[in-house]
Amino acid sequence: MPALIELDHVSKRFAGIKALDDVSLSVAPGEIHCLAGENGSGKSTIIKVMSGVYRPDGGMVRVDGQPVAHMTPASSVAAGIQVIYQDLSLFGNLSVAENLAMNKVLKDGRRAVRWSETRRLARTALDRLGVDLPLDVDVETLPTAGRQLVAIARALLAEARLLIMDEPTTALTRNEVERLLEVTRTIQRDGIAVLFVSHKMREMLEISERLTVMRNGRVVVEGPITDFTEASITRHMTGRDLGSDPYPGPTATAGPPRLAVKGLTVPGAVAGVDLTLHPGEILGLCGLIGAGRTELALALFGMRPDHTGMVEIDGQAVTLGSVADAIRHGIAYVPEDRLSEGLFLSQSVARNMLASSLDAVSNGVTVDRGKAAETADAMIAAMQIATRDRDTPVGNLSGGNQQRVVIARWLLTKARILILNGPTVGVDVGSKAEIHRVIRDLARTQGLAVLMISDDVPELLGNCNAVALMHRGRLVERFDPKTAGEDDVSDALRRLR
């Protein structure tokens with residue numbers, strides 16, 4: 001049986017730079033194939049070649065064994081190829097039913113919408129996936145996982161034969177990831193092929209049958225998933241081994257804690273939390289959706305002034321009624337969604353870095369441009385941010401480098417306490433390891449106290465000297481990474497469902 005789609009020695013250049021270099025890749029009917037690689041490896045370019053957005057400069061594209069001289073978006077859709085991009089491309093102000101039935105209504109050229117037919121189409125599509133979503137709510141009110149299911153169901157209504165999922169689990173919790181993988185297997189049972197584009201090793205090993213790894217625009221290895229381990233995938237993606245010993249924490253904790261929280265309560269979210277964090281410690285915080293982790297972080301950063309309880313920093317009681325209060329007391333917060341909450345995407349790397357520490361590079365009236373440039377350049381070097389120069393718009397950087405810019409901004413405020421909410425969400429494996437290294441080094445050498453919130457249990461166990469489990473607003477269990485493994489924490493999470 002011929003491949004559903006095949007790239008045969010395909011090349012693609014942009015301004016003389018090779019984005020794809022002699023790439024050969026095929027996806028068989030009904031196959032779950034994973035395409036892996038770091039940011040900039042060529043994954044997105046392959047997606048756009050398959051979907052007809054880009055025309056290759058060399059090589060051949062075949063569909064069902066037949067050469068396609070010029071693949072276009074329309075011919076790609078007609079061949080049954082559907083792409084679900086990271087932004088999902090849904091109409092947020094329309095209902096679930098309207099989003100699902102939109103393409104069918106437009107294709108039929110109807111002047112009037114038949115609402116009963118719209119709801120029937122939507123329900124049929126969701127039933128095919130075995131999911132139950134309210135049909136009449138606006139899509140923008142759904143969680144990310146719900147919107148993802150709407151996008152998948154819409155693709156199936158378009159009679160997809162190949163579903164390309166571009167980094168589908170970036171913003172999902174572990175429970176939501178498991179549900180998505182279950183849905184992916186359901187799709188496969190219907191004979192639909194899936195190209196699962198990711199840089200998360202555990203998910204690749206769990207869902208795919210075959211794996212292709214890209215690096216610098218070339219295929220470096222391809223084969224059945226049984227030939228790979230997490231370590232070997234990492235090595236192929238980055239070209240090096242990325243080992244990490246557990247973070248030991250400070251050798252001594254004399255003196256008052258850097259942060260002491262007593263009975264902290266946020267109405268409806270956090271219920272009487274006590275915790276301490278010493279200089280040089282990295283405390284991990286995990287939990288199910290609704291556990292109260294983010295609300296705890298926002299309270300400590302002055303964004304939930306309705307909180308009650310006692311907060312002490314270096315033995316002194318403080319009031320955290322605003323973000324300005326938190327920054328003045330040396331608290332920094334890196335949000336989970338860096339794109340909408342953490343960065344000014346159209347502004348330069350330097351401006352993003354200096355946004356919270358302008359007083360240090362100004363006389364109170366005007367900015368000392370020379371000092372600002374010197375400060376930004378020094379931080380770019382210290383954080384190893386890959387950018388042409390300080391004036392590059394931060395939106396042009398990869399996810400990993402964007403995250404380093406956010407962290408750098410708060411380090412310039414001379415923060416003593418760093419709260420990281422999802423520190424490596426959407427970051428490739430190489431950048432992830434570098435971000436972890438930076439955080440550990442700052443804690444070890446500068447005494448930075450870190451609260452790391454994550455759904456990635458191995459991330460917490462590998463980078464924290466303690467991991468706390470939060471449930472229904474309370475800290476209910478604590479793990480020592482030197483003696484506890486991933487199964488111990490995962491089992492505890494499962495018992496709380």
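Cut-off 11 Å, label point 7 angstrom out along Cα-to-Cβ of Asp377: give me the residues of region 384-406 whose amide nitrogen falls inside.
390
Ignoring any ligand, DNA or RNA, what whole percent of the accessible area of region 128-233 comes from carbon and sulfur when the probe is 1.4 angstrom?
Ligands and nucleic acids excluded, carbon and sulfur reach 46 percent.
Could you provide, to the nearest whole Å², the per residue accessible area of the chain with probe 1.4 Å?
With all protein chains present, the chain gives 44 Å² per residue.
Please give the helix 174-189 orientation as an angle from the longest Cα principal axis of the chain, in degrees from 0 to 90, rounded to the nearest 10.
10 degrees
For region 432-448, take each phi angle, set θ = phi - 60°, evaluate the Karplus expression 6.51 cos²θ - 1.76 cosθ + 1.60, and give the result in whole Hz per residue in order, putting x for glycine and proline.
Taking θ as phi minus 60°, the curve returns 4, 4, 5, 5, 4, 4, 4, 4, 5, 5, 5, 5, 6, 9, 10, x, 5 Hz for region 432-448.
Tell me which residues come under 5 Å, amide H to amide H, from Ala19 once H is placed; ignore anything under 5 positions away on its chain.
The list, which skips near neighbours in sequence, is Lys12, Arg13, Phe14.
Work out from phi, with θ = phi - 60° and the Karplus expression 6.51 cos²θ - 1.76 cosθ + 1.60, the ³J(HN,Hα) of each residue of region 339-344, listed in order in whole Hz, and give x for Gly and Pro.
5, 9, 10, x, 9, 9
Please list the radius of gyration and Dmax for the chain, considering alpha-carbon atoms only, with Å as the unit.
So, for the chain, Rg and Dmax equal 24.3, 75 Å respectively.
Please list 3J(HN,Hα) in residue order for region 148-160, calculated via the Karplus relation 6.51 cos²θ - 1.76 cosθ + 1.60 where θ = phi - 60°; whole Hz, with x for glycine and proline.
Ordered by residue, 3J(HN,Hα) equals 4, 5, 5, 5, 5, 4, 5, 5, 5, 5, 8, 6, 5 Hz.
On full extension of the chain, what length is gained from Trp115 through Asp64, given 0.36 nm per residue of separation minus the C-alpha to C-alpha distance?
That works out to 14.7 nm of additional length.
When only C-alpha pairs under 8 Å and at least 6 residues apart count, what is the relative contact order of the chain, in percent?
Contact order relative to length: 15 percent.
Loop-only check: which trypsin sites (Lys or Arg not before Pro) in region 1-78 are DSSP coil with at most 15 other Cβ within 10 angstrom?
none
Holding the Cα-Cα limit at 19 Å, pick out from Lys12/Lys43; Lys18/Lys200; Lys262/Lys414; Lys18/Lys43 the pairs that are longer than that.
Listed pairs above 19 Å: Lys18/Lys200; Lys262/Lys414.
With bins 5 Å wide starting at 0, give me the P(r) of region 33-133 over every alpha carbon pair, in whole percents.
Reading upward from the zero bin: 2, 10, 15, 18, 15, 15, 12, 8, 3, 0.
Report the equivalent ellipsoid semi-axes for region 49-94 in whole Å, largest first, defined as the square roots of five times the eigenvalues of the gyration tensor built from alpha carbon atoms.
25, 12, 8
In deg cm²/dmol, rounded to 500, what helix-only [θ] at 222 nm does the chain give when every DSSP H run of at least 4 residues adds -39500 (n - 2.57) and the total is split over its residues?
-10000 deg cm²/dmol
Run through region 231-300 and list the trypsin sites (Lys or Arg not before Pro) located in a DSSP loop whose Cβ has at most 15 other Cβ atoms within 10 Å.
Listed in order of number, the matching sites are Arg240.
Could you tell me which chymotrypsin sites (Phe, Trp or Tyr not before Pro) in region 240-349 are loop residues by DSSP with no more than 15 other beta carbons within 10 angstrom of their beta carbon?
Listed in order of number, the matching sites are Phe344.
What length, rounded to one decimal in nm, is gained on full extension from Glu230 through to Leu94, with 0.36 nm per residue of separation minus their alpha-carbon distance?
Gain on stretching Glu230 to Leu94: 44.9 nm.
The values are calculated or read from the model by the stated rules, or taken from the named source; none is laboratory data. None of the values given here were measured: they were computed from a predicted structure. All Cβ positions, glycine included, derive from the backbone under ideal geometry; neighbour counts span all protein chains shown. All accessible areas refer to the heavy atoms of the entire protein, side chains included, with ligands and DNA or RNA removed. Shrake-Rupley method; radii C 1.70, N 1.55, O 1.52, S 1.80 Å.
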